[in-house]
Amino acid sequence: MPPKTPATLGDHLDQRVFDAIYSRALVYNTCWEDPAIDRQALAINPSDHMLVITSAGCNVLDYALVGPERIHAVDANPRQNALLELKLAGIRALEFEDFFAAFGHGYHPRMQSLYQQELRAELSDFARAFWDKRIRWFGHPRGSFYFHGLSGTVARAFRAYLKIRPRLATSIKDLFATRSLEEQRHIYDTRVDPLIWTKSLNWTLSRQFTMSMLGVPHPQRKEVQQQHSSGVAGFVREAIGYVFRQLPVWNNYFWTLYIYGRYTEHCCPEYLKADNFARLKAGAADCIALHSSTVVDFLKQQQTAISKFVLLDHMDWMSSYEPEALADEWEWILARARQDARIIFRSAHAAPKYLESLEIGPERERLPERLQFHPELAAELQAHDRVHTYAGFHIADVRT
């Protein structure tokens with residue numbers, strides 16, 4: 001068992017701030033994991049029963065389009081499931097144009113009435129109470145739903161920052177208008193990179209409050225600081241530089257949304273495309289079941305074996321401050337995994353120490369004894385990750 005990292009007073013304060021924010025807010029208004037590489041890693045098939053941490057629900061809907069038997073969307077923050085509930089209600093009740101206005105543009109002039117007449121009755125009690133107070137997020141003609149929630153607040157602040165940096169704003173606009181990688185790289189190198197990385201922005205990115213608003217607890221921030229000589233700001237600069245120098249921007253709906261607060265019909269998640277929306281409405285979304293609980297609490301109640309696990313990055317903070325809880329979670333994952341199960345997860349560290357040191361069960365087995373990792377495949381896929389804000393992407397099969 002890896003030893004607990006002693007928490008400093010600053011750590012306790014950072015954790016209290018993160019807990020206070022997380023326990024009251026919608027953290028993610030969109031998913032920040034690329035489902036295109038997830039699909040390749042998972043090879044989803046019709047017999048699969050999946051456990052997916054919900055986040056904003058975008059990727060749950062993406063996987064549903066492949067046609068697994070069941071997707072269990074699990075999240076300890078019920079507000080994240082409330083967002084997926086609203087999307088599912090919209091898929092069932094709305095026409096595509098209305099749905100895209102709400103979740104593509106982030107603005108619908110009649111969202112209040114659509115909510116009252118078509119969506120509200122489809123929601124659970126918690127989701128109904130949540131959206132009763134917040135459905136106006138979709139209704140501001142100069143705003144966007146995607147400028148709300150914690151990560152949306154940071155995006156809105158960056159948008160305001162660009163208004164006082166017109167040269168940078170123009171350069172970013174030109175960057176997103178490119179249609180060749182060579183031109184894109186040239187604009188980033190000569191017009192964006194020299195202007196954007198100011199001392200004030202680097203300082204802001206290094207604050208735990210900023211990271212908490214983006215859903216990054218302080219143990220993850222420490223992981224980044226430990227492996228990058230320039231700290232969090234240096235890691236972010238390197239990650240963004242890779243995205244805009246190596247990957248085409250014209251299909252990168254993640255960063256397009258972050259900058260503009262809306263998708264376009266040609267640059268958006270799969271669930272926001274008309275044909276895929278029709279498939280979801282016709283029954284593809286019926287495989288989704290929502291669970292507001294921890295992973296362990298869900299698995300304790302689950303009887304059917306799980307064949308695919310999408311665990312995002314939630315294990316990072318547990319490894320530092322709750323290693324016993326992390327060991328317990330892995331025990332339940334392995335207890336409920338089908339013999340051919342595949343597991344994917346992300347990390348702020350390229351090679352988290354707990355993968356080697358964590359001990360599972362009464363026989364105190366190490367994770368590599370129970371899992372077959374595929375680092376070459378993970379590295380190959382991660383090179384094409386359009387988000388690129390995780391240092392580690394991990395793919396593992398359960399050893400039989």
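Computed from the coordinates by the stated procedures, all read-outs in this text should not be read as laboratory data. Because the structure is a prediction, the values reported are computed rather than measured. Every residue, glycine among them, receives a Cβ derived from its backbone with ideal geometry; neighbour counts consider all protein chains shown.
Please list, ordered by chain and number, the residues whose modelled amide H lies under 5 Å from the amide H of V27; skip anything fewer than 5 residues away on the same chain.
For V27, whose amide H was placed from the backbone, the distant partners under 5 Å are L150.
Magnitude of the Cβ-charge dipole of the stretch 27-114, K/R +1 and D/E -1, about the Cα centre, nearest 20 debye?
Taking the Cα centre of the stretch 27-114 as origin, the dipole is about 220 debye.
Suppose we keep just the DSSP beta bridges with both residues in the chain; what percent of those would be antiparallel, to 5?
40 percent
With +1 on each Lys and Arg Cβ and -1 on each Asp and Glu Cβ, and nothing else charged, work out how big the dipole of the chain is about its Cα centre, in Debye to the nearest 20.
1620 debye
For n ≥ 4 DSSP H runs only, could you compute -39500 (n - 2.57) per run for the chain, divide by its residues and tell me the 222 nm figure to the nearest 500?
-14000 deg cm²/dmol
From the residues F373, A76, G241, which one has its Cα farthest along the dipole of the chain in the positive direction, the dipole being from +1 and -1 charges on Cβ of Lys/Arg and Asp/Glu about the Cα centre?
Comparing the listed Cα positions along the dipole, G241 ranks first.
Report, for the stretch 280-400, the % of DSSP beta bridges that are antiparallel, rounded to 5.
Working: 11 of 15 bridges.
Taking every DSSP beta bridge within the stretch 280-400, about 75 percent pair in antiparallel fashion.
Expressed as a rounded percentage, what relative contact order does the chain have, with Cα pairs under 8 Å and six or more residues apart?
So the answer I get is 23 percent.
Using the crude model of +1 on Lys and Arg Cβ and -1 on Asp and Glu Cβ, and no other charge, please compute the dipole size for the stretch 83-135 relative to its Cα centre, in debye to 20. Don't skip to the answer; put the middle values down first.
Values: 7 positive and 8 negative charges, 38 e Å.
For the stretch 83-135, the charge dipole is close to 180 debye.
Of (1) 24.5; (2) 22.0; (3) 23.7, which one was derived for Kirkwood radius over Cα pairs in Å from the structure shown?
Evaluating Kirkwood radius over Cα pairs in Å on these atoms matches (2).
Mind listing the long-range amide H neighbours of I71? Cut-off is under 5 Å, sequence gap 5 or more, other chains count too, H placed in the peptide plane at 1.01 Å from N.
Hits under the 5 Å cutoff: M50, I288, A289.
How big is the gap, in Å, between the Cα center of the stretch 48-79 and the Cα center of the stretch 229-257?
So the two Cα centres are separated by 26 Å.
Check which residues have an amide H placed less than 5 Å from I360's amide H, if you skip close sequence neighbours.
Long-range HN contacts for I360: E365, R366.
Would you kindly derive the ³J(HN,Hα) couplings of the stretch 164-181 from the backbone phi angles with the Karplus curve 6.51 cos²θ - 1.76 cosθ + 1.60 (θ = phi - 60°), listing them in order in whole Hz, with x for Gly and Pro?
For the stretch 164-181, the Karplus curve yields 9, 10, x, 5, 5, 4, 5, 5, 5, 4, 5, 4, 6, 8, 5, 9, 9, 5 Hz.
Just want the answer: with Cβ charges of +1 for Lys and Arg and -1 for Asp and Glu, which residue in T256, V192, L311 is farthest toward the dipole's positive end in the chain?
V192
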